[in-house]
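Here is the structure we will look at.
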Amino acid sequence: MLKKRIAWVIFLFISVVFLIGSSGSESAAAAASQQIAINRGGSLNAAQAAKWSSLDPTVSSGRANDKFIMNQLYETLIDVDSSGKYIPGLVEAWEVKDDKTLILKLKKNVKFHDGADFNAEAVKFVLERALNPETKASFRAEIEDIRTVEVVDPYTVKLILKNPSSAILGALANYAGYMISPTAIQKYGKDIVRNPVGTGPFKFKEAVEGDHITLVRNDSYHIKGKDGKALPYLDELSIKIIPDDSVKLVNLKSGGLDLIDSVQTINIQGLSASKDLALVSTSASRVFKMILNVTKEPLSKKEVRQAIALAVDREEFVKVVANGYGTVEPSMVMKPQWFYSPSVKKYGYDIQKAKALLAKAGYPNGFKVKLSFTSREPDKTIIQLVQSQLKKVGIDGEIETYDRLAFNNTWNKREGEIGLNFLPVPKPDPYMQFQIFFATKGNNNFTGYSSQKFDDILDKSKSTYAVEKRKAMYKELQDILAEDSPEIFLFHLPLFEACTKKLQGFRTDPEGGWLLRDAWMQK
Amino acid sequence: MVSHIARKLLEVIPILLLVSIILFAIISMLPGDAALAVMGESINQEDLVRTRSELGLDRPIYVRYADWLGKVLQGDLGRAIKSRQPVKEIIMQRLPVTVELTLLAILISMVLAVPAGIFAALRRNSAWDVVNGIVSMIGIAMPPFWMGILLILFFSVWAGWLPSSGYVSFLKDPLKNMRYMAMPAFTIGFAFAATIMRQTRSSMLEVLGEEYIVTARAKGLRESIVIWKHALRNALIPVVTVISMQMGRLIGGAVVTETVFALPGVGREMVDSIIARDYPVVMALILITALCVVLTNTLVDIIYVVIDPRISHSKES
């Protein structure tokens, strides 16, 4: 009797769910016939973890995260190839006429999604808009060296610089280089943030803020595919916002999604073994680092900061946090970057030396300190490791949890003591990678670090065009940072994406932003 | 009855006003503000100050509140700070999803829980009762997040019957909408059913012990009439109360469930807006949630009368 009843209940439950489920369920078993010829059409369902900050690249504050969408809607004046070299984008050719003059030859027959021509007037309009402080462009500091933008002829632009700047090309290969339709800016005014109009392979269709965005094929795109017809191959592109990793992954497995960003290292092995899914390693990383407030005792003492640098066991982070997929580097420069130098001063793990340095600084028994971090993974794990490692040299860390804005707010006012954050690398130009956190005037100089020597060399590195000379300068800057240790570099965590094996032609830019222009789905 | 409803509705005004004051104060007290959210990673002090004054965030809190309230009273809910989307539009996009999810969850939980509760009470200490007790404990103990993932693993990854995430409006394609909503609604409904089942069981047990039930049986009424007409009606009153009191919890559960199934509902937007300190959006969404809760309570008052005609609001002192 009992068995019968239980069986009945289970039967009822399953049949109800089955009834809902079976109506129109897609046959997942439609085995993809191996096809080498490019398959045009169809749609791609992707998901990224972070909400986009804006659809107007000028005021985007998400940078790395917003690129997943930006790269589809807009194109930059200059592109960067996988080795970090500049290649033509919307600019066909460029010439450094003298230290302070840059000539840009624009590509012809390019149209914005609203039908407006892409030409020299458009470039002038977009750059001048970004240079205007009223616009509050998030990258203004990167292009402030531009004095004037002149239209030479309809497809030639001359940039006159205030100072020589080798970093300007990098800026034009990044957010400052995304071209927005001037007619759309005039039409929508401030509302351009939700009505994006670029020259990219996909056009904006609709979006629910914080939930998803749908883009459709730009039929008049200017680049042709391998089959001789205009790109892109895909008809539609939907990017969802799914913050949770396990939810994203389970959706990828079920076929609800075709592409996801930032796969956690813990899931890498499972994905590598999968029959239907592919793991894509990007060239981008996150450099996790401790930031030390150099304006506060005892962190204002160099010996104390160096002691902390010696007291952290970096290999443990790679093992515990990155499951072996991370790397330890002496600074925030990545190995493939052209200005990487293996001979930069490095800190090993040396508790005795750390204790000696603390004693020398007058803290033989250590001290108490606040450890602040943003509540998310892997930051939570990292900060706990930091706490336990510092305890071994007598530094007693008290963990303080913040949300992202509160963390920025605290450090913006330099109220933190030791903090944990990360730097997404690479940046298109080394100057940007060094300036923002360490220059006295750097926008994210949370530590209060200020070194005349550092600032001078950094400025010189920007006004130098010769690559070898620049390389030597960046080596010197890294040595200064190691010596002064305002920030302590823990490890580099590479970014991985995952997709269905049906997705072909998918690429990422050096910063990990998706490039879906040449992407297509196998049948 | 009509005057009672009218009075209930009038009570909404001071409640919402109070909620809005407390809310506004809390959002203002949070470290970090919307200007910081707008500026993001590259914080330039001048731009930050400029943005702050443009958004009016440098004014004293009572001035900002009065400004916001004045506009709301004129029907202007403002725009989201970062995206510049009108708040009204956000509500129109998001609210239907959460309302549908909540209603379906209640429906599922009622269908599952009320009959199960009745049978458990009638067959007290039977195997059925024990199984019921175990299932309802699972429902209460299992976090909706985990439940959601398990459902996706089973019905989407393994069986391939239901889509794992996404949303289509009911008006656009009712069938597809139901397929998308089935798992999220079940996730919330199952947890909720556990509470209702236990409530139904215990109030049914209590009613079954009442003297009028003994009297009804003594009169020789059929058992089905005794149960369905005499016992159930009375037993349902506390059940309805529980449902109305759990509205807040239901909407709270929707936040998590919407995240798991990537539904564009109010819950997710609320969390995102709090993180971004986007106060026009937070204020509007929480006030609407509060309004929903208050209105549900009013509705429940009406349902009481329908279930039990002895309760009449016009006669109460």
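Could you tell me whether any residue of segment B:257-280 is at pLDDT 80 or above, aromatic (F, W, Y) and buried (at least 19 other Cβ atoms within 10 Å of the Cβ)? The answer is yes, given that some residue of segment B:257-280 is at pLDDT 80 or above, aromatic (F, W, Y) and buried (at least 19 other Cβ atoms within 10 Å of the Cβ).
Consider segment A:189-207. How many of its residues are modelled with pLDDT of 95 or more and within 14 Å of chain B (Cβ to nearest Cβ)? Residues meeting the conditions: 2.
Here segment B:1-20 is the region considered, the condition is being of a type in the set (A, V, I, L, M) and surrounded by 13 or more Cβ atoms within 10 Å (Cβ to Cβ), and the residue that is farthest from the other protein chains (Cβ to nearest Cβ) is B:I5. If you go through segment A:281-335 and pick out every residue that is closer than 15 Å to A:P378 by Cβ and among the acidic types (D, E), you end up with 1. Count of segment A:388-416 residues, restricted to those that are crowded, with 20+ Cβ neighbours inside 10 Å, away from chain B (no Cβ under 14 Å) and assigned to a loop (DSSP other than H, G, I, E, B), is 2. Residues that are part of a helix (DSSP H, G or I), farther than 21 Å from B:L285 by Cα and not β-branched (V, I, T) within segment B:1-36 comprise B:S3, B:H4, B:A6, B:R7, B:K8, B:L36, listed in sequence order.
Considering only residues that are assigned to a helix (DSSP H, G or I) and within 14 Å of chain B (Cβ to nearest Cβ), which ones fall in segment A:149-184? Correct list: A:A171, A:Y175, A:A176. When you check B:G56 against the structure, is it outside any helix (DSSP H, G or I) and closer than 19 Å to A:S61 by Cα, yes or no? Criteria not met by B:G56. Residues in segment B:136-177 that are of a type in the set (A, V, I, L, M), surrounded by fewer than 17 Cβ atoms within 10 Å (Cβ to Cβ) and assigned to a helix (DSSP H, G or I): B:M137, B:I138, B:I140, B:A141, B:L150, B:L153, B:L175. Give segment A:436-487 a look and list any residue that's of a type in the set (A, V, I, L, M), outside any helix (DSSP H, G or I) and out of contact with any helix residue (DSSP H, G or I) (no Cβ under 8 Å at 6 or more places or on another chain), or say none. Once the filter is applied, which keeps residues that are of a type in the set (A, V, I, L, M), outside any helix (DSSP H, G or I) and out of contact with any helix residue (DSSP H, G or I) (no Cβ under 8 Å at 6 or more places or on another chain), segment A:436-487 yields only A:A466.
Among the residues of this structure, A:D459 does not count as one that is modelled with pLDDT under 95 and under 20 Å from A:R63 (Cα atoms).
Of all residues in segment B:59-78, those being within 25 Å of A:E415 (Cα to Cα) and not in a helix (DSSP H, G or I) number 2. Number of residues in segment A:97-140 that are within 14 Å of chain B (Cβ to nearest Cβ), crowded, with 19+ Cβ neighbours inside 10 Å and among the aliphatic types (A, V, I, L, M) equals 2.
Can you pull out every residue in segment B:28-56 that is at negative phi, more than 7 Å from every other protein chain (Cβ to nearest Cβ) and free of Cβ contacts under 8 Å to residues at least 24 places away in the same chain? Passing the criteria: B:M29, B:A35, B:Q45, B:E46, B:L48, B:V49, B:R52, B:S53, B:E54. The set of residues in segment A:50-65 being in a loop (DSSP other than H, G, I, E, B), touching a residue at least 24 places away in the same chain (Cβ under 8 Å) and within 8 Å of chain B (Cβ to nearest Cβ) consists of A:K51, A:S54, A:S60, A:S61, A:R63.
Among the residues of segment B:57-69, at least one is aliphatic (A, V, I, L, M), surrounded by fewer than 18 Cβ atoms within 10 Å (Cβ to Cβ) and touching a residue at least 40 places away in the same chain (Cβ under 8 Å). Of the residues in segment B:95-111, at least one is surrounded by 14 or more Cβ atoms within 10 Å (Cβ to Cβ), touching a Phe, Trp or Tyr at 6+ places or on another chain (Cβ under 7 Å), more than 30 Å from A:P196 (Cβ to Cβ) and within 13 Å of chain A (Cβ to nearest Cβ). Would segment B:180-199 turn up any residue that is in a loop (DSSP other than H, G, I, E, B), more than 13 Å from every other protein chain (Cβ to nearest Cβ), in contact (Cβ under 8 Å) with a residue 40 or more places away in the chain and more than 19 Å from the chain's Cα centre (by Cα)? So far as segment B:180-199 goes, no, none of its residues is in a loop (DSSP other than H, G, I, E, B), more than 13 Å from every other protein chain (Cβ to nearest Cβ), in contact (Cβ under 8 Å) with a residue 40 or more places away in the chain and more than 19 Å from the chain's Cα centre (by Cα).
Looking only at segment A:281-305, filter to residues that are assigned to a helix (DSSP H, G or I) and among the charged types (D, E, K, R); which one of those is farthest from A:T508 (Cα to Cα)? Top of the filtered list is A:E303.
Restricting A:L481, A:L493, A:L423 to those that are modelled with pLDDT of 90 or more, within 20 Å of A:S341 (Cβ to Cβ) and under 22 Å from the mean Cα position of the chain (by Cα) reduces the list to A:L423.
The values are calculated or read from the model by the stated rules, or taken from the named source; none is laboratory data. Values in this document were obtained by computation on a predicted structure and should not be read as measured data. Using ideal geometry, Cβ is built from the backbone for each residue, glycine included, and neighbour counts are taken over all protein chains shown.
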